[in-house]
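Coordinate-derived values only; no laboratory data. In this text, all values refer to a predicted model and were calculated from it rather than measured experimentally. Quick reminder, even Gly has a Cβ in these numbers, built from the backbone with ideal geometry, and neighbours come from all protein chains shown.
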Amino acid sequence: MTAAGRTVLVTGGTGTLGRELVRRLAARPSAPRIVVLSRSASGADARLPAGVRVVRGDLAAGSGLGLSSAERDELSGEVNDVLHCAADTRFMLPLEEARAANVGGTHAILDFAAGCRALGRMGCFSTVYVAGRRTGWIAESDLDDGGAGFVNSYERSKHEMEREVRRRMGDLPIAVYRLSTLIGDSRTGAVSGPNAFHAALRLLYHGLAPMVPGRPENRVDVVAVDYVADAASWLFDRRFEAGRTYHLCSGNEGSSTLAELIDEVVEAFHRFRPEWRRRHVEKPAIVDPETYDLFVRSVEETGNEVLLRATRAVQSFAGQLSCPKTFDTRATEAALAGSGLRPPRVLDFLPKVVRACLESDWRESAA
Amino acid sequence: MDFPTIGIAGVTYRLPSIARTLDDLDARGALRSAPAVLAGFGFERAWVAESETALELAMGAVGDLLAETDADPDEIGVILYAGALTSSSTLATDSSSDGAALHLPDVMDLFKYPVSRIQAEFGLTRATAVGVDQQACASLFSAIRIGRDMLVAEPELRAVLCVAADRFPTHAPREMIYNVVSDAACAALLRKDWRGNRILACGHVTKGALWDASEMENEIIAAYFPTARTVIRETLERAGLSIDDIDWIVPHNVSLRSWEILLGLLDFPREKLFAENIARVGHTIASDNLLNLRDLLDSGRVREGERLLLFTFGYGLHWSCMVVER
């Protein structure tokens with residue numbers, strides 16, 4: 001167990017998921033020592049629990065992590081567990097930038113971990129969308145895009161990251177936790193890291209989302225951050241098994257279809273902003289990818305800046321909506337047995353997320 | 001209850017005498033987008049009324065229609081004059097130096113109506129003359145819908161004359177939301193118990209929230225496609241049909257690209273869209289669909305019993321659809 005006397009190093013500890021993991025670690029009666037590696041030690045710890053040590057470092061600096069040699073030596077002797085959450089989750093980065101952050105950064109932490117004399121466990125966080133454009137059944141053990149390619153540079157770079165992680169699994173005790181898109185807290189709706197999903201909701205709210213590619217019946221897997229944090233904490237803490245990969249997503253039962261998701265969002269707009277009805281915004285049409293691409297191309301040809309920004313925001317993940325897949329969660333479910341954890345149904349908590357977005361005017365929810 | 005069959009017994013249209021190419025329009029500062037972009041969207045030219053008034057174009061179309069349909073002036077019980085532009089609904093503009101913006105040397109000019117002139121000119125003395133406006137490019141659809149409903153509701157009414165005529169100010173831009181705009185007039189005669197071009201259903205949605213065409217252009221573009229699909233689906237449903245039952249789509253002459261996108265939303269084959277007039281004529285405000293209907297019927301490609309879907313869209317903001325059976 002991650003308990004008193006152990007030291008956990010967390011990368012990305014100030015990010016959406018990392019912060020939740022740190023909170024859970026710190027809330028334990030016998031909390032471990034928690035060290036968060038952060039590029040900006042100054043303000044980064046402001047929202048972290050008391051007692052968490054923030055060290056200024058940078059995965060871009062390589063295995064030295066941008067630490068002083070004294071700090072590095074100290075940490076490599078002390079760290080028992082590593083939770084690698086750091087990633088650049090922007091979908092539309094140039095591939096080389098995405099690789100530098102997500103593959104290069106992982107190289108760095110793997111190399112550091114290899115030098116940790118008391119390392120017991122390492123958890124690497126990834127995305128279920130390492131499957132790229134592949135459709136159908138995606139097993140937790142799979143790491144194969146089936147030659148279908150990727151929707152964006154984030155997916156590709158995380159796929160490459162996982163390849164590197166797997167290569168090192170022979171030497172290091174690593175488990176991989178793949179998440180789908182984090183959209184908010186299922187209990188409060190709070191959004192701690194607005195992402196492309198929220199950007200798309202905002203466009204819909206403002207009547208700037210005419211269409212999305214896909215099929216109405218295609219399932220869209222987004223997930224609650226509290227479930228992911230709880231499940232990852234349990235799996236890492238109580239059921240750690242090196243070499244395993246887990247899907248922390250809504251799965252077939254928790255997710256909704258694209259049409260259901262759009263309907264629920266529109267219904268929530270009506271419920272929480274009754275005056276929105278007067279705007280008479282039409283639900284976006286769900287169209288085939290060719291029609292969507294033609295629309296995007298037309299917007300590009302006109303050079304209309306507002307619509308260009310709007311289409312690009314959707315385009316960053318839109319391709320995934322036309323690649324229906326079912327994520328295998330059997331290994332995760334088996335390992336979660338006894339925890340009482342299961343992914344909440346997206347349609348049950350999505351209205352809370354929408355309300356939080358509206359109340360925060362599409363910014364990060366208040367802590 | 002059995003309703004009488006209302007059909008479109010005839011359609012005529014008039015274009016101005018001058019057509020200008022995209023390059024010509026661009027050289028005159030009348031385009032916002034590059035000619036190549038507009039050409040890529042299917043446009044070639046705009047018809048520009050430099051020597052004709054909107055009323056003259058309308059008179060020409062009505063005269064042709066009455067002659068072609070052998071209409072007895074006493075048969076026509078209602079004239080519905082559809083003006084998309086506010087300036088089209090008054091003759092005050094005729095005395096304006098540039099021919100369209102309101103020009104009021106005398107406030108009495110505001111009471112001089114083109115529909116009255118048409119009634120007088122053609123001796124339609126039994127007709128009630130009515131203006132239909134604030135519907136933009138959907139004006140003629142609204143006139144036809146109102147005319148159809150009047151024919152259904154009033155036993156003694158036998159025929160309704162619908163007229164649309166619009167002319168942009170001489171120096172106004174000729175591009176609106178990436179569409180090339182022409183001047184034109186169109187006239188249609190609705191007859192009771194007329195089986196040809198039988199009107200099966202009409203549908204219309206207004207979204208007043210998007211009334212400000214200049215400030216809400218992006219929202220209007222975004223609203224266009226999904227709302228168009230909704231209105232078309234609802235109209236088909238009203239007719240007891242699905243898109244698979246439609247043999248032709250008769251468009252408004254907005255960009256061909258936008259039609260290709262909308263066809264994708266409707267899952268309708270491109271070859272069944274009568275699109276030739278987008279390049280040849282351009283977007284004639286309210287006259288497009290009926291003008292296209294006339295040309296499509298003249299082409300001989302439509303067989304008896306085939307169903308045609310007409311769809312248009314206008315500022316205000318209006319989406320309008322009609323299903324017709326040949």
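Just want to confirm a number: the relative contact order over chain B, from Cα pairs under 8 angstrom separated by 6+ residues, in percent. Intermediate values should be presented prior to the final figure.
Details: 736 pairs, mean separation 85.1, N = 326.
Normalised by residue count, the contact order of chain B is 26 percent.
What average count of beta carbons from other chains do you get within 10 Å of the Cβ of residues in B:210-221?
On the way: counts 4, 0, 0, 0, 0, 0, 1, 3, 9, 7, 1, 10.
Rounded to a whole number, the mean comes out at 3.
Give me the dipole magnitude in Debye, nearest 20, for the protein assembly as shown about the Cα centre, with unit charges on the beta carbon: positive for Lys and Arg, negative for Asp and Glu.
In debye, rounded to 20, the protein assembly as shown gives about 2840.
Any chance you could tell me what percent of the C-alpha pair distances in chain B go past 38 Å?
Taking all Cα-Cα pairs of chain B, the fraction more than 38 Å apart is 9 percent.
Mind grabbing the base-10 log of I(q)/I(0) for the protein assembly as shown at q = 0.08, 0.09, 0.11 Å⁻¹? Debye formula, identical points on the C-alpha positions, no solvent, two decimal places.
Each listed q maps to, in turn, -0.71, -0.81, -1.03.
Quick one: A:MET169, A:MET92, fewest Cβ neighbours within 10 Å first, how do they rank? Mind dumping the intermediate values first?
On the way: A:MET169 17, A:MET92 14.
Sorted ascending by nearby Cβ count, the order is A:MET92, A:MET169.
Suppose each label sits 7 Å from its Cα in the direction of the beta carbon; what would the A:GLU217-B:GLU156 distance come out to in nanometres?
Each label point lies 7 Å from its Cα, and together they span 5.8 nm.
Rounded to whole Hz and in sequence order, give me ³J(HN,Hα) for the range A:94-104 from the Karplus expression 6.51 cos²θ - 1.76 cosθ + 1.60, θ = phi - 60°, writing x for Gly and Pro.
After applying 6.51 cos²θ - 1.76 cosθ + 1.60, I find x, 4, 5, 5, 5, 5, 4, 6, 8, 8, x Hz.
Starting from the eigenvalues of the Cα gyration tensor, five times each then square-rooted, give me the equivalent ellipsoid semi-axes of the range B:198-325, largest first, whole Å.
Values for the range B:198-325, descending: 23, 17, 13 Å.
Using 0.36 nm per residue of separation minus the Cα-Cα distance, give me the extension gain between A:GLU333 and A:GLU290 in nm, one decimal.
Working: separation 43, 0.36 × 43 = 15.48 nm, distance 3.74 nm.
In short, 11.7 nm is gained.
Roughly how big is the range B:198-325's charge dipole about its Cα centre, with Cβ charges of +1 (Lys, Arg) and -1 (Asp, Glu), in debye to the nearest 20?
In debye, rounded to 20, the range B:198-325 gives about 140.
I need to check one value: relative contact order of the range A:7-179, counting alpha carbon pairs closer than 8 Å and at least 6 residues apart, in percent.
Relative contact order here is 21 percent.
Points 7 angstrom from Cα along the Cβ direction at A:GLU253 and B:LYS272: gap in nanometres?
In this crude spin-label approximation the distance works out to 4.4 nm.
Considering the options A:PHE91, A:THR135, A:PRO49, tell which one lies farthest towards the positive end of the dipole of the range A:7-179, charges being +1 on Lys and Arg and -1 on Asp and Glu at the Cβ, about the Cα centre.
Projecting each Cα onto the dipole axis, the largest value belongs to A:PRO49.
With +1 on the Cβ of every Lys and Arg and -1 on the Cβ of every Asp and Glu, and nothing else charged, how large is the dipole of the range A:72-196 about its Cα centre, in debye rounded to the nearest 20?
240
May I ask you to evaluate 6.51 cos²θ - 1.76 cosθ + 1.60, the Karplus curve with θ = phi - 60°, for each residue of the range A:19-25 and list the ³J(HN,Hα) values in order in whole Hz, giving x for glycine and proline?
After applying 6.51 cos²θ - 1.76 cosθ + 1.60, I find 4, 5, 5, 4, 4, 5, 4 Hz.
Excluding same-chain residues fewer than 8 positions from B:LYS272, which aspartates and glutamates have a Cα within less than 13 Å of its Cα?
B:ASP244, B:ASP245, B:ASP247, B:GLU260, B:GLU306
Which pairs break 30 Å Cα to Cα here: A:LYS158/A:LYS283; A:LYS283/A:LYS352; A:LYS325/A:LYS352?
In this structure, A:LYS158/A:LYS283 lie more than 30 Å apart at Cα.
Would you mind checking the tilt of helix A:346-359 against the longest principal axis of the Cα atoms of chain A, expressed as 0 to 90 degrees and rounded to 10?
80
Could you give me the ³J(HN,Hα) list for the range B:63-80, computed from phi with Karplus coefficients 6.51, -1.76, 1.60 and θ = phi - 60°, whole Hz, x at Gly and Pro?
Going residue by residue, I get x, 4, 5, 4, 5, 5, 9, 6, 6, 7, x, 6, 6, 7, x, 9, 10, 10 Hz, with x marking Gly and Pro.
Across 5 Å bins from 0, what is the distribution of all Cα-Cα pair distances for the range A:7-179, in whole percents?
It works out to 1, 9, 18, 21, 20, 15, 9, 5, 2, 0, in whole percents.
For the range A:278-358, count all C-alpha to C-alpha pairs, find those more than 21 Å apart, and express that count as a whole percent of the total.
57
Report, as an integer, the average count of C-beta atoms from other chains found within 10 Å of each Cβ along A:281-289.
Details: counts 8, 13, 3, 3, 11, 2, 8, 3, 1.
Counting other chains' Cβ atoms within 10 Å and averaging over A:281-289 gives 6.
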